[in-house]
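Enquirer: Structure provided below as C-alpha cells; questions to follow.
The values are calculated or read from the model by the stated rules, or taken from the named source; none is laboratory data. No experiment lies behind these values; they were computed from the predicted model shown. Ideal geometry is used to build each Cβ from the backbone, glycine not excepted, and the neighbour counts take in all protein chains shown.
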Amino acid sequence: MYKKRSFWLTVFSLVLFFLFIQYAQTHFDAYIIRIMNVAAIYVILGVSLNLINGFTGQFSLGHAGFMAIGAYTSALLYMSPELKAMNFFIKPLIWPLNEIQIPFLSALLAGGLLAACAGFLVGAPCMRVKGDYLAIVTYGFSEIIRVLFNNLQSITNGPLGLKGLPTYTNLWWSWGWAVFTVFFIKRLIDSSYGRALKAIRDNEEAAEAMGVNLFYHKTLAFVVGAFFAGIAGGLLGSLVMTIDPNAFNIMLTFQIVLIVLLGGLGSITGTVISGVMIAFLMEWLRIVETPMKIFGITIPGISGMRMLIFSLILMVAVLFFRHGILGDREFSWEALFSAFKKRHSTEGE
C-alpha cells in the first residue's frame with residue numbers, strides 16, 4: 001500500500017513541478033529564469049559527481065574536463081555552418097565539422113557520449129590509484145583538456161572560444177535533464193550495481209572478496225558521471241551563448257565539489273538542495289563584490305569575494321557538518337508519513 005501511494009504521490013508531485021516550470025518559463029523575470037537554469041545544471045553536475053565521490057568512494061576532480069568536452073562537442077554539432085565560419089575567422093574549422101548541423105537533443109547526446117568515452121579513458125587507468133592520488137590524476141586530466149582546447153585552433157577556436165551560440169536551453173531542457181539525472185542515478189543506486197558501488201566505497205578488499213568486479217563497477221561510475229557532466233556542459237554553453245576553455249578551470253571544479261560536500265556524500269536529495277542553494281547564493285552574493293555603504297562607511301567591492309565566502313562555507317561544512325545537509329539520508333514518502341504519524345500521536349497524548 002505504501003509503495004502504491006508513494007508512486008502516485010511522486011507522479012502528482014512531478015506534474016505539479018512541471019506545471020510550475022511552465023508557469024515560470026512564461027511569467028518569471030529573465031534573470032530569475034537564468035538562475036533557475038543554472039540551478040538545474042548544478043543539480044546535474046552535483047548528482048553525477050556524487051555517484052563517483054559519494055556512492056563509489058572515488059575522489060574525482062575531473063568533472064570540469066568532462067563538461068568542457070560535452071560543451072564543445074554539442075556546440076560544434078548544433079551551430080550553423082554560417083555561425084561556424086564567423087567564429088573560425090583566423091583558422092578554418094576542420095571538415096566535416098564545418099558543414100555539420102544537427103538538432104540540439106542529438107548534439108547534447110553526442111556531447112554526453114563523447115564525455116562518457118573520456119570518462120572510460122580516465123577511469124580505467126585511474127583504477128591503480130585511489131584517494132588523494134586519484135584526485136590529483138583526475139584534476140590533471142581536467143587541466144590537460146583545458147590546455148588542449150586552448151591550443152586546438154582548428155577544432156575549438158583556441159582561446160577565442162565559441163561566441164553567439166543559439167539559446168536552446170530553457171527551464172524545460174535544464175530541469176527535464178535534471179529530473180532524468182536524479183531518476184536514472186537513483187534507479188542505478190537502488191539496483192545491484194548500486195549496492196556493489198556502495199560496497200566498494202565501504203571496503204574495497206571485502207567487496208572484491210565477495211566477487212565484486214572493481215574495475216567494471218568503478219569504470220561504470222566514471223562513465224555514467226562523465227556522461228551527465230557532458231550533458232550539463234552542453235546545456236551551460238547554450239545558456240550563456242559562449243564557450244571559453246578557461247571557463248572550465250579550478251574554480252568550476254571547486255563549485256561542483258562544494259555542492260557535493262555541502263549536500264552530503266551519498267545523498268541525492270542533499271545534492272539537489274545544495275545545488276539549488278549554491279546557484280542562488282552565487283548570484284545574491286554578487287553584492288559583496290560591488291561598492292557598498294555600511295553605517296556611512298564606503299566599502300569598495302573586492303573581486304573574488306564570493307569565492308572566499310564559499311571557501312569559508314566549505315571549511316565550516318568540513319569542520320562541523322562533515323556529513324553535509326542530509327548525510328547519506330534521502331527523502332522518502334514513507335519517512336514523511338512516519339514522521340507525521342509520530343508527531344500526530346505525540347500531540348494526541
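Enquirer: Pairs only if they're at least six apart or on different chains, beta carbon under 7 angstrom, first in region 272-290 and more than 13 Å from residue 40 (Cβ to Cβ) and part of a helix (DSSP H, G or I), second modelled with pLDDT under 85 and among the charged types (D, E, K, R); list them, first residue then second.
Expert: 282/306; 285/306; 286/306; 288/306; 289/306
Enquirer: Return the residue satisfying two criteria in turn: it lies in region 224-270 and is assigned to a loop (DSSP other than H, G, I, E, B) and of a type in the set (A, V, I, L, M, F, W, C), and of such residues it is farthest from the chain's Cα centre (by Cα).
Expert: Step one: filter region 224-270 for residues assigned to a loop (DSSP other than H, G, I, E, B), giving 241, 244, 248-249, 264-267.
With the extra rule that they be of a type in the set (A, V, I, L, M, F, W, C), the set shrinks to 241, 248, 265.
On the way: 241: 18, 248: 13, 265: 14 Å.
Here the residue is 241.
Enquirer: Would you tally the residues in region 11-26 being exposed (fewer than 12 other Cβ atoms within 10 Å of the Cβ) and more than 12 Å from residue 171 (Cα to Cα)?
Expert: 5
Enquirer: When the residues of region 107-136 are filtered to those that are touching a helix residue (DSSP H, G or I) at 6+ places or on another chain (Cβ under 7 Å) and without any contact (Cβ under 8 Å) to a residue 60 or more places away in the chain, which remaining residue is farthest from residue 254 (Cα to Cα)?
Expert: Residue satisfying both the conditions and the ranking: 110.
Enquirer: Go through region 98-129 residue by residue and tally those that are within 25 Å of residue 170 (Cβ to Cβ) and among the β-branched types (Val, Ile, Thr).
Expert: Going residue by residue through region 98-129, those that are within 25 Å of residue 170 (Cβ to Cβ) are 100-116.
Still in the running and among the β-branched types (Val, Ile, Thr): 100, 102.
Counting residues in region 98-129 that are within 25 Å of residue 170 (Cβ to Cβ) and among the β-branched types (Val, Ile, Thr) gives 2.
Enquirer: Shifting gears a bit: Scan region 226-283 residue by residue and report those that are in contact with a helix residue (DSSP H, G or I) (Cβ under 8 Å, 6 or more places away or on another chain), of a type in the set (S, T, N, Q) and closer than 19 Å to residue 167 by Cβ.
Expert: 238
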